[in-house]
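The values are calculated or read from the model by the stated rules, or taken from the named source; none is laboratory data. Fair warning: this is a prediction, and the values are worked out from it, not measured in the lab. Quick reminder, even Gly has a Cβ in these numbers, built from the backbone with ideal geometry, and neighbours come from all protein chains shown. These area figures cover heavy atoms from the full protein model, side chains too; ligands, DNA and RNA do not enter into them. Shrake-Rupley method; radii C 1.70, N 1.55, O 1.52, S 1.80 Å.
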Amino acid sequence: MTPWLRPAGQVRAWSLHRWYVLGWLLLGLLPLVLAGRDDPGPARYAAVGLPVAVGAYYLLTLAFPGRAVSRPRTVVWVLIAGLGGMAYLREGGASVYVATLPHFWYLAGAPGPAVSSSGIAAAVTVLGGDAPQGLSPNVFTGNAVATLAAFAVSVAAGLAAVRLIEQNDERVRQLNAELEGARIRLVEAYQQQGATEERERLAREIHDTLAQGFASIIALAEAARSGIADEPQRSAQQLRSIERTARENLAEARALVRAAPTGGDGQGPVTATLRRVLERFAEDTGLATDAELAEVECDQQTRIALLRCTQESLANVRKHAGASTVGLVLTAYGDRVELEITDDGRGFAVGTSQGFGLDGMRRRMAELGGELNVTSSVGDGTRVLAVIPTARKGEQ
């Protein structure tokens, strides 16, 4: 197979070569066989037998590749000898030479050998056609001129084709290099994106768990220190809350190191979890709370999202709202779960508010296909509504 072709080009060349061999047999050798049948005497056997032998030999080389008789150089010399013999036996050797020319380019190892072998075949064809007339000045017959012209055209066309193949291979190499570079950049981009997303996830988890716990510890410690003389029982309760919160933060930290969900997030119904969070909030802050929590079945991601949204909202109430009452409502609908947290605090201008907590809640809701709506105005309290679709339950 043509060595200068790339593997894909070699496969295409082999497919085209099979069709060419069929055309060579039908249009190159078969006309000589049919014409030789009308020759008189023993000449008929040679005129018919030689084209048949050449065609049969070539088919055998295709059927048994790798044998000594099937080596490209051997096949080339057999074709050259056959062309000379067929030109000697019958006029019109140029036609079979033209039909045979592609063999030399296909079998050659490089353009140089293809040109030299097809040139030798042209010379042998001319000499074979002129041999029956003996020594004569009329060497350049129409058959000879046609053979030489065909050789010249084949050289020009073959070299042009080789040049085109080389240019195409160069373009393919450049494209492969560009594709490889693009693939490497894409992998790096995916890795960078994954690292960024992981940092954002950890930052959000730390903010929603450890940071909120530490803020609660600070607030409880300040309250306990200020009331330790006048309200020792209250201060003792606050110290117990500090210890409990610190232990929970330690568990949260260990869970984050393991990159696994925290133990408390996935234990028991989400309703009971939210109720405990609200009770702890009321115990630590002394604020009045009201809860309407429906029994909701949800997956782990939804459970964590509802819990984090509740923790973040209550932390904002503790730090910013100055509220006296907090309400928590959990409702299950056919296609969604809604969590509403309200307070009667000082409120704020939602459009100008910026904070990691609200942005983190919005991103967490968006990851689950839900949304977070915050309604508030100065002096009118705040309403946080988280909506999570439950159509994802089939994915659990």
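Accessible area ranking (1.4 Å probe, heavy atoms, ligands and nucleic acids excluded), largest first, for ARG225, ARG244: ARG225, ARG244.
What Kirkwood radius, in Å to one decimal, follows from the Cα pairs of the stretch 19-81? Result for the stretch 19-81, one decimal place: 12.5 Å. Here the spin labels are modelled as points 7 Å beyond Cα on the Cα-Cβ line, and at ALA63 and ALA288 they lie 10.3 nm apart.
Which FRET efficiency value, to the nearest 0.05, is calculated for ALA152 and LEU16 with the Förster distance at 35 angstrom and r the Cβ-Cβ distance? If you can, show how the numbers build up before the last one.
On the way: r = 23 Å, r/R0 = 0.66.
The computed FRET efficiency comes out at 0.90.
Length available on full extension from THR141 to ARG173: 0.36 nm per residue minus the Cα-Cα distance, which gives 6.8 nm.
Ranking ASP343, ASP290 from most to least accessible surface, computed with a 1.4 Å probe over the protein chains only, gives ASP290, ASP343.
Computing FRET efficiency as 1/(1 + (r/R0)^6) for ALA229 and THR196, where r is the C-beta to C-beta distance and R0 is 41 Å, gives about 0.25.
Taking all protein chains as they are arranged and a probe of 1.4 Å, the heavy atoms of SER116 leave approximately 60 Å² accessible to solvent.
On a full-extension model of 0.36 nm per residue, what is the gain between THR375 and ARG163, subtracting their alpha-carbon distance, rounded to one decimal in nm? It would help to have the intermediate numbers written out before the result.
Values: separation 212, 0.36 × 212 = 76.32 nm, distance 7.18 nm.
The span from THR375 to ARG163 would gain 69.1 nm if fully extended.
Across the protein chains, with a 1.4 Å probe defining accessible surface, the residues HIS17, HIS320 rank HIS320, HIS17 from largest area downward.
FRET efficiency for the ASP359 to ALA236 pair, using the beta carbon distance and R₀ = 45 Å, is estimated at 0.75. Accessible surface of TYR88, taken over heavy atoms with a 1.4 Å probe and every protein chain present, rounds to 120 Å². For THR125, the accessible area of its heavy atoms, probed at 1.4 Å with every protein chain present, is near 0 square angstrom.
Annotation: per residue accessible area for the stretch 64-113 equals 48 Å², rounded to a whole number [probe 1.4 Å, protein chains only].
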